[in-house]
Amino acid sequence: MNQSYPAFVSFHSLSNCFGYAKLLTAINATNDLSLVNEKFNGPTLGSFRMRSCENPNIYCDLQLFGQLPFTNVFVNSVFAEVSGFQERQEVILEKIANKTYCSYIEVAPRTVDDYSVIAQSQATIENEFLNQIRLVSQNMIIPHFLSPGVYVQFRILNIVPATSNPVILTNQTELHVQTVTEGSQSDEKATMAKKVSSIVQDLSTQAFLSNYVIQLEKTPVVGRVLPRKIVESWLKTDVDKIDKNTLYISGKENCPYPEKGIVEIRSLVRNEQQESCQFFYLHRTNTTTLKKNDDVLNDSLAHMFDSLQLTNRYHCVDGSGSLEPYVNVKIYEVPEDRICTLRYCDVMMEKETFQWIEEFEMTNLVTQSLHAKVQAKPILLSVEGTELDVSLDDKAIRVKVLPSIKGLVKRVTESTCFLLDITTEMIYKVGKITDPKQKLSESEASKRRRRRPDDSETLETPKTEPTNGTNHIENFGLVQSENFVQIGSHSKMLSELDKVCRNEKRHVMVLGGNGSGKTTFIKKLARRLSYNSSVTFCKLIPCALLKGRSADIIEKLLNDTMTELEVKKPSCLFLDDFDVILPQIDQEQRHLAMEKVVSG
């Protein structure tokens, strides 16, 4: 029988990655860690996996000391941060019953700076390593403290023999440290790696890549992208909290907490037969509330998704704006073996922009701007890379970021999701950009002068106007901003037609004389359909503009429109002034081509 204990996370300032269980009451609870550090003691309670209640994919493994019962588990703040935990966060501690051991562990310091610190502090690490940590798991990031406030970070790359379980390290366990550059022949680095690898080994755990894995249903999850106007009408001011790299959908039935992870999105691009693939962070809202949730955005999204329901599909919110509104997308989970953190990435830019960056020594500024984009979470890249707008003071340039296989240990494929994080080294190159936004012209470049060693003032960057890259077709019902006069006889018809258009595939003809309000009526209906629970996509074809056009042109327009409506259903097509394109009965000669279009 599995043993699990609820608790709250608290921080201690001890330089280790162990956990300490304490029973706190209203009388002895305190935030003054300096007064309680000496009280962290007690027998070992065993090995535990500490898992987040809000997102079970976030967890870490630790050895726990203290005694039962307990309300709080105290961990080092740095260890908690790299593991994805915050102070006062509610967690579940699951006891690990089986003890697993290994022969050796392969690790790599996260950054070149970590290597430099290790090279200067080898003796300290050798003496203190086992005193700081005793439990490790695959793909974890572990801090090792050289002194209070000074630490290096390791990432666990490989455990031998391979196991998915946490492993206990002993004095017989070997630690193998990877060199800074793959294949490097540097004697200094090789010597350093050899010395560090003689340290007997214990590393603490954080499910680094596992944090990004989300378990979805067995069948592909299908989502229908909501337009921005609908999202804004529901979320109000909370819409600004939407993350630009995240796709939001409703959670599984009776799920008490939000779920998060990396997913692959496949969608059909207009006028193309092949599916396009992109990687997104997925946020699934909770569908039941067992406790008060401080996540206002999550609560607002959950309420919206609960109100806007479809059969066998989910409505979803695309934070990036790259997916066309109303289209259906397939959502697939990305397993851990398809997620890879980049050590290097290529940053491509137009030749003119590259020369401008080099001339005015702005490479570091570009790097800082890219790092600012990954402070919250890594950028997700497919093998084809992505184009980004990089801010440089009051200017923006367009670059293409491509994953580089240089220095990678894990085998990668065309379906691998690459993570560009703060530790990834940028390699700047000249390359072709699909949309060279904010491209420098010769006149703009001439406004800058070459930097001289005695320059003390910051050079002014030429200003450019922002552009809007969205080309999505607006829903006819959403563009209706008029305040229509409500006629009593219309209310019943609007309600009935609302049901017909949502639930059945039928044709409805609205008849009336000139000036009777037919066009006004369909505008009312379109707006009502666009804001109903199905968020119907509405499209208008003003047939009066088709007068005199050939039957072939009209037929093609109608066929293309019907194809679009099928992709974006539930949908509704309005043919205003339809009688204009109808064959006239009193014509002496029949218009067979037009009759074929109408009958089809």
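The values are calculated or read from the model by the stated rules, or taken from the named source; none is laboratory data. Here the structure is a predicted model, which means the values were calculated and not measured. Backbone-built Cβ (ideal geometry, glycine too); neighbour counts: all protein chains shown. Remember, those area values only see protein heavy atoms, side chains included, never the ligands or the DNA or RNA. Shrake-Rupley method; radii C 1.70, N 1.55, O 1.52, S 1.80 Å.
Can you work out the accessible area per residue across the stretch 343-430, with the rest of the protein chains kept in place, probe 1.4 Å, in square angstrom?
Dividing the accessible area of the stretch 343-430 by its residue count gives 46 Å².
Extension gain S391-I553, at 0.36 nm per residue separation less the Cα-Cα distance, in nm?
Details: separation 162, 0.36 × 162 = 58.32 nm, distance 4.53 nm.
Full extension from S391 to I553 adds 53.8 nm.
How large a share of the accessible area of the stretch 292-407, in percent, is made up of carbon and sulfur atoms when the probe is 1.4 Å and the other protein chains stay in place?
45
Counting Lys +1, Arg +1, Asp -1, Glu -1, what net charge surrounds E264 among other residues with beta carbon under 11 Å of its beta carbon?
Taking every other residue near E264 into account, the sum is +1.
Please report Rg over Rh for the stretch 343-430, where both radii come from the alpha carbon positions and Rh follows the Kirkwood definition.
0.96
Of the cross-linked pairs K400/K539; K241/K400; K99/K252; K241/K330, which ones have a Cα-Cα span greater than 30 Å in the structure shown?
In this structure, K400/K539; K99/K252 exceed 30 Å between Cα atoms.
How high is the FRET efficiency from F578 to E232, r the C-beta distance, R0 30 Å, rounded to 0.05?
Step by step, r from the Cβ atoms, then E = 0.35.
Which whole-angstrom value gives the distance between the alpha carbon centres of the stretch 44-83 and the stretch 248-264?
Cα centroid to Cα centroid, the span is 23 Å.
Which order do you get for T44, T71 if you rank them by accessible area with a 1.4 Å probe, largest at the top?
T44, T71
On a 31 Å Cα-Cα criterion, which of the cross-link pairs K523/K568; K373/K568; K395/K523; K218/K406 come out too long?
K373/K568; K395/K523; K218/K406
Figure the gain on full extension for K95 and A544 (residue separation times 0.36 nm, minus the Cα-Cα span) and round it to one decimal in nm.
Separation in residues times 0.36 nm, less the Cα-Cα distance, equals 154.3 nm.
So how do 553-564, 14-25 stack up, highest first, on mean other-Cβ count within 10 Å?
Averaged packing, sorted descending, gives the order 14-25, 553-564.
Would you work out which of Y281, N298, V231 lies farthest towards the positive end of the dipole of the stretch 221-334, given +1 charges on the beta-carbon of Lys and Arg and -1 on that of Asp and Glu, about the Cα centre?
So the residue we want is V231.
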